[in-house]
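The values are calculated or read from the model by the stated rules, or taken from the named source; none is laboratory data. Just so we're clear, the structure is a prediction, and the values are computed from it rather than from any experiment. Here Cβ is always computed from backbone atoms with ideal geometry, including for glycine, and neighbour counts include all displayed protein chains. These accessible areas exclude ligands, DNA and RNA; they are computed on the full protein's heavy atoms, side chains included. Shrake-Rupley method; radii C 1.70, N 1.55, O 1.52, S 1.80 Å.
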Amino acid sequence: VISMDDIIAHPYDAVEQAQASVNKAVVQNLQGQAPVRFMAVDGLTVLGGSNSVLQLSDSLDFQVQVAGDSVGKIVRQTYLRLFMFPLTMWDMRYPSGSTSCSASCTAYEKTRCTGLVECSVEAVTDLAQNNVIRLVLPADMDDITGETKHIFRVSSLTLPARGFFPTRVGAQIGLQDGTQPDYQLSSGSYLWKQPDAGAVVAEIVTRERDGNSRPFKGDTGNVLYAHLVLAATLYAESLESTAAFSVTLPPGYIGIDAGPLPTDLAVLDAAGVDPPLGRGSLAAARWSCAASVCTYTLGVHDVLHAGTHFFASFTVNNPSTALLRSDASNRWLLSMTGTGRHTAALTVPPVPFVAVSHAGTSDFGANVAVL
């Protein structure tokens, strides 16, 4: 931090640095109470799932229970917006031939919530992808209060190809003109989605002279390089969070060490390749290897975003027996483990390495042979 102040004229002044956050109570006191408000706790609850996690698959389909404030009741034809996190991951689309998503209301016992629930998607900002669901509550609906809690189901929207670890939904209730909104993070179940097949990139560098200089059975200290692109963001929010990915070597290999790669690999400067793969690497200090598994563990507040290209080097002892590239057991695997915003760690099933980059060349492969 550079204060740009005069240290001679003001020798005892100080600059303090700390995290800042918006105080909702202060904002409400300044602008006045919103005419419609969520209940202070559990204003929007995501239902379903197991162990407080709702896993999404195929298409978006989930239910939320809405509770209002005793003063700022949620009334008919109010706008309810659901912000789908991570915002940069979502780009929702309607089913083929449709111009809207599907939404319905299940009324709280002995109350009414019937008629059309308008459902559409929009972007959180101009020229961005569709990452917000907008619902217009029905015209024939009893007010939502702390006692009367209707359930809304949203469906018929596409899911992102990439995945995400358990996260919340942002919810905003407000008037149709967009003024005096009330915002709250969801409670109840967290949303979780595993990456689609093919969303992960994991491949071994097989270009001549780029690693694998000791290819024979029983060789020790052989160095192999891998190109990786994770399909879900890993983030360690606190000391209690888990965020890691692991590379499992084929049977017979022993992982000795892992770390960044040298900058002089020929594959990094391959001509005529579009797009370029970059030269990203991860700090060696966070790698650990045990037997045939090498794991990279993120530190607190570290983040590794989905879609980031990076390389890693693996120092290994080769198997004691020869291994063909076509051998079914000669499989390298990539897996991810994370808590996301939740407290329990979830693991994405291992994905086998497959050559996808530099098509038509021998620069990458699913594995290497042991001669």
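In plain terms, the C-alpha convex hull of the chain casts an average shadow of 26.2 nm² when viewed from every direction.
Structure remark: mean-square fluctuation, Gaussian network model of the chain, C-alpha springs under 10 Å; the largest value among THR88, THR361, THR148 belongs to THR361.
Dipole orientation for the chain: of the candidates GLN19, LEU127, ALA244, ALA244 has the Cα lying most toward the positive pole (charges on Cβ; Lys, Arg +1; Asp, Glu -1).
Estimated at 0.36 nm per residue, the fully extended path between LEU127 and ALA161 surpasses their Cα-Cα distance by 10.2 nm.
Considering every Cα-Cα pair within the stretch 101-165, what fraction, in whole percent, is farther apart than 17 Å?
Value for the stretch 101-165 (Cα pairs over 17 Å): 52 percent.
Positive-end ranking of HIS150, TYR183, ALA226 along the dipole of the chain, with charges on Cβ about the Cα centre, is headed by HIS150.
For the stretch 138-205, treating each Cα as an identical point scatterer without solvent, what Debye log10 I(q)/I(0) comes out at q = 0.12, 0.16, 0.19 1/Å? Result of the Debye calculation: -0.56, -0.84, -1.05. Placing a pseudo-label 7 Å from each Cα along the Cα-to-Cβ vector at SER98 and ASP61 gives an inter-label distance of 1.1 nm. Springs between Cα atoms under 10 Å define the GNM used for the chain, and in it the highest mean-square fluctuation of ARG341, ARG214, ARG134 occurs at ARG214.
Think of a 1.4 Å ball rolled over the protein heavy atoms: the chain then has 51 Å² of accessible area per residue. Database remark: amide H of TYR108 closer than 5 angstrom to the amide H of LYS149, HIS150, ILE151 (H placed geometrically; neighbours at sequence offset of 5 or more, or on other chains; Pro and chain starts carry no H).
Given that compact globular proteins tend to follow 2.2 N^0.38 Å, what is the ratio of the alpha-carbon Rg of the stretch 62-197 to that value?
On the way: Rg = 15.0 Å, N = 136, 2.2 N^0.38 = 14.2 Å.
Ratio of Rg to 2.2 N^0.38 Å for the stretch 62-197: 1.05.
Of the Cα atoms belonging to the stretch 227-371, the radius of gyration and Dmax stand at 15.9, 46 Å. Placing +1 on the Cβ of every Lys and Arg and -1 on the Cβ of every Asp and Glu, with nothing else charged, gives the chain a dipole about its Cα centre of roughly 900 debye. Counting only protein heavy atoms and a probe of 1.4 Å, the accessible surface of the stretch 93-189 is 47% carbon and sulfur. If you plug the beta carbon distance of GLU237 and GLU109 into 1/(1 + (r/R0)^6) with R0 = 51 Å, you get a FRET efficiency near 0.85. Between the stretch 351-371 and the stretch 248-266, the alpha-carbon centres lie 14 Å apart. With the full set of protein chains in place, find how many percent of the accessible area of the stretch 223-264 is carbon and sulfur; take the probe as 1.4 Å. On the stretch 223-264, the fraction of accessible area on carbon and sulfur atoms equals 56 percent. Just the protein heavy atoms count here, and of the accessible area of the stretch 290-357 at 1.4 Å, carbon and sulfur take up 59 percent.
Taken about its Cα centre, the stretch 114-255 carries a charge dipole of about 880 debye when Lys and Arg each add +1 at the Cβ and Asp and Glu each add -1 at the Cβ.
Counting only Cβ charges, +1 for Lys and Arg and -1 for Asp and Glu, the dipole size of the stretch 60-145 around its Cα centre is about 80 debye. Subtracting the Cα-Cα distance of VAL300 and ALA328 from their residue separation scaled by 0.36 nm leaves 6.3 nm.
Quotient of the Cα radius of gyration of the stretch 108-263 and 2.2 N^0.38 Å, N being its number of residues: 1.66. By the helix-only formula, in which each DSSP H run with n ≥ 4 contributes -39500 (n - 2.57) and the sum is divided by residues, the chain has a 222 nm mean residue ellipticity of -500 deg cm²/dmol.
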